[in-house]
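Since the structure comes first, as structure tokens, the remarks are kept for the end.
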Amino acid sequence: MALGALLVALAVIAAVRVPWSGPPAPRADQLAAMRDLPADVVARGKAFHAALRPGSYGALLLGALIALVLGFTPLGARIVEAVGRPFGGSWIAEAVLGGFVLVLLGELVTLPLAAWRETILRQYGLSTQTWGSWLVDLLKGYGVGAVIGAIALLGFFGIARLAPQWWWAWVAAGAAGLVVVLSFVFPVLIEPIFNKFEPMPEGPLRQNLLALAERDGVPVRDVLVADASRRTTALNAYVSGLGPTRRIVVYDTLLREAPAAEVEAVVAHELGHAKERDVVTGTLIGAVGVAAAVCAVYLIGSWTGLLRRAGVEAISEPRAVALLLALATLAGIVSAPVQSFISRRIEARADAHALALTDDPAAVELMERRLATTNLSDVDPPRLEYLMFASHPSVVERIAAARAYARGER
Ligand SMILES: [Zn+2]
């Protein structure tokens, strides 16, 4: 009943806040864009992605396999029990340390693939990291994951102990609240762990960007510059945070490499996200989605065959943490194409916003070319990969949209 209501809510949010019909990006324009892109740029992007593919899919498969084996056999429950034993089988030790050990197992097995990926990034000149800084990043990521994971695990199993009947309702509300809080504090608590942010230096470009925001009716106090160059040569920008923590961030690499008109095109895209409140949309979808997932977990918890298979008595006991991780892994894989689809629609809308705001499709196309060249994009990725994982329209789609705009097709 509650699950049904949440799924309806999810559908309503998606229907209202996600643009279902995108701006035109005719395939003929895409093919023309493909022909106009320098052949070596296209080939290098394709080669780079071909080199990454075995490691990416390998890590995905291996990670999923481990999660499924641990969760859908009694192995995971036994590990949790063993981890909790030195602590007298305390539920906190089982839930938190058990959860950490299970996640760490998956991380350790896929670690060589992550290192392989980094060697490819370096081979292609995209990474500027040393192994030392790479490792520090990895450990910081584990640290952040551990803190958030501990909050989630303590919350879930703690509430399940306090309210054996109605835990699912409290956990659903708590999980949704956690998503909102994380989205809010992300730019001020988590991003600074990985990067330094400084206000964009005074000058004509800064003035132009703030004027652009003003003209767009999007109040922007500041544009921040991230020291992305400590990690990558890639160019990017993004919007994060909610309300008072909302900010537009550009990579220092973008300011260094791109001429002013192209930086403006990028910022105009980000202003589109800010104006349409896409971070709010993402947060709402995440919050309602996670609440629905908790209700689904509760219902799955009455499936005794599955519980027996996982070697647990109830889905709300700490020994079931492996089963929960397995279910989360499955949910992630199944929902990936839907999440990617929603993301692509939202990104296409931000692209259309950039075209309308700058009214400079030529600069937008040059910017897309520069991004494709520097970031080694696969400008026209394989169909299945695109449907499963692409968070943005392809480069040829984005250039095609700019050309359609230039012809007056909106
Ligand atoms: Zn975007």
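With K and R counted +1 and D and E -1, the other residues having a Cβ less than 15 Å from that of residue 37 yield a net charge of -1. To the nearest 20 debye, what charge dipole does the chain have about its Cα centre, counting +1 at the Cβ of each Lys and Arg and -1 at the Cβ of each Asp and Glu? For the chain, the charge dipole is close to 780 debye.
Dividing the radius of gyration of the alpha carbons in the stretch 66-192 by their Kirkwood radius gives 1.05 for Rg/Rh. Under 17 Å from a label point set 7 Å out along the Cα-to-Cβ vector of residue 280, the amide N atoms of the stretch 184-224 belong to 184-185, 217-221. Here is the size of the stretch 1-116 from its Cα atoms: Rg then Dmax, 23.2, 68 Å. Counted by Cβ distance under 15 Å from residue 160, the other residues give a net charge of -1, where Lys and Arg count +1 and Asp and Glu count -1. Taking a Cβ cut-off of under 13 Å around residue 87, the surrounding Lys, Arg, Asp and Glu residues balance to a net charge of -1, with basic ones at +1 and acidic ones at -1. Full extension of the chain between residue 406 and residue 207 yields a length gain of 69.0 nm, computed as 0.36 nm times the residue separation minus the alpha carbon distance. With loop membership from DSSP and a limit of 15 other Cβ atoms within 10 Å, the longest segment of the chain without GluC sites (Glu not before Pro) is 1-201.
Counting only protein chains, not ligands or nucleic acids, how are 65, 324, 307, 154 ordered by accessible area (probe 1.4 Å), most first? Write out the running numbers ahead of the final one.
Working: 65 105, 324 30, 307 10, 154 70 Å².
Reading off the accessible areas and sorting them downward yields 65, 154, 324, 307.
Magnitude of the charge dipole for the stretch 1-77, about its Cα centre and with charges confined to Cβ atoms of Lys, Arg (+1) and Asp, Glu (-1), is about 60 debye.
Here the gap between residue 222 and residue 140, fully extended at 0.36 nm per residue and compared with their Cα-Cα distance, gives a gain of 26.8 nm. Among the protein heavy atoms of the chain, carbon and sulfur supply 68% of the accessible surface, probe 1.4 Å, non-protein parts ignored. Put one equal scatterer on each alpha carbon of the chain, apply the Debye formula with no solvent term, and list log10 I(q)/I(0) at q = 0.06, 0.11 1/Å to two decimals. Summing over Cα pairs of the chain leads to -0.28, -0.93.
With contacts defined as alpha carbon pairs under 8 Å and 6 or more residues apart, what's the relative contact order of the stretch 205-295 in percent? Working shown, then result.
Working: 92 pairs, mean separation 25.1, N = 91.
With pairs under 8 Å counted, the relative contact order is 28 percent.
Look at where the Cα atoms of the stretch 91-138 and of the stretch 357-380 average out, and the two centres are 31 Å apart.
Give the dimensionless ratio obtained when the Cα radius of gyration of the stretch 35-78 is divided by 2.2 N^0.38 Å.
Working: Rg = 18.4 Å, N = 44, 2.2 N^0.38 = 9.3 Å.
So the Cα radius of gyration is 1.98 times the expected 2.2 N^0.38 Å.
For the chain, the antiparallel share of DSSP beta bridges with both residues in that region comes to about 65%. Give a quick list of chymotrypsin sites (Phe, Trp or Tyr not before Pro) in the stretch 289-374 that DSSP marks as loop, anything other than H, G, I, E or B, with at most 13 other Cβ atoms within 10 Å. Passing sites in the stretch 289-374 are 303.
Counting 0.36 nm for each residue step from residue 40 to residue 345 and taking away their Cα separation leaves a gain of 106.9 nm.
DSSP assigns beta bridges within the stretch 220-294; of those with both partners inside it, close to 50 percent run antiparallel. Accessible area per residue for the stretch 293-405, computed on protein heavy atoms with a 1.4 Å probe, is 42 Å².
For the stretch 267-346, the alpha-carbon radius of gyration amounts to 1.47 times the rule-of-thumb value 2.2 N^0.38 Å expected for a compact globular protein. Note on the stretch 51-108: percent of Cα-Cα distances in each 10 Å bin, starting at 0 and stopping at the bin with the largest distance, equals 24, 43, 22, 9, 2. The calculated pair-distance distribution of the stretch 132-235 uses every alpha carbon pair, bins of 10 angstrom beginning at 0, and gives 12, 27, 26, 20, 12, 3, 0 percent.
Which of the DSSP-defined H helices in the chain satisfy a minimum axial length of 27 Å, computed from C-alpha atoms, and a minimum mean Kyte-Doolittle hydropathy of 0.5? Membrane-span-like by this rule: 39-72, 98-123, 131-162, 278-300, 321-358. With only the Cα atoms considered, the stretch 338-410 has a convex hull volume of 81 Å³ per residue. Taking every protein chain into account, the accessible area of the stretch 119-249 amounts to 52 square angstrom per residue (probe 1.4 Å).
The values are calculated or read from the model by the stated rules, or taken from the named source; none is laboratory data. Just so it is clear, the structure is predicted and the values come from calculations on it, not from any experiment. Ideal geometry is used to build each Cβ from the backbone, glycine not excepted, and the neighbour counts take in all protein chains shown. Calculation scope for accessible area: heavy atoms of the full protein, side chains included, ligands and nucleic acids excluded. Shrake-Rupley method; radii C 1.70, N 1.55, O 1.52, S 1.80 Å.
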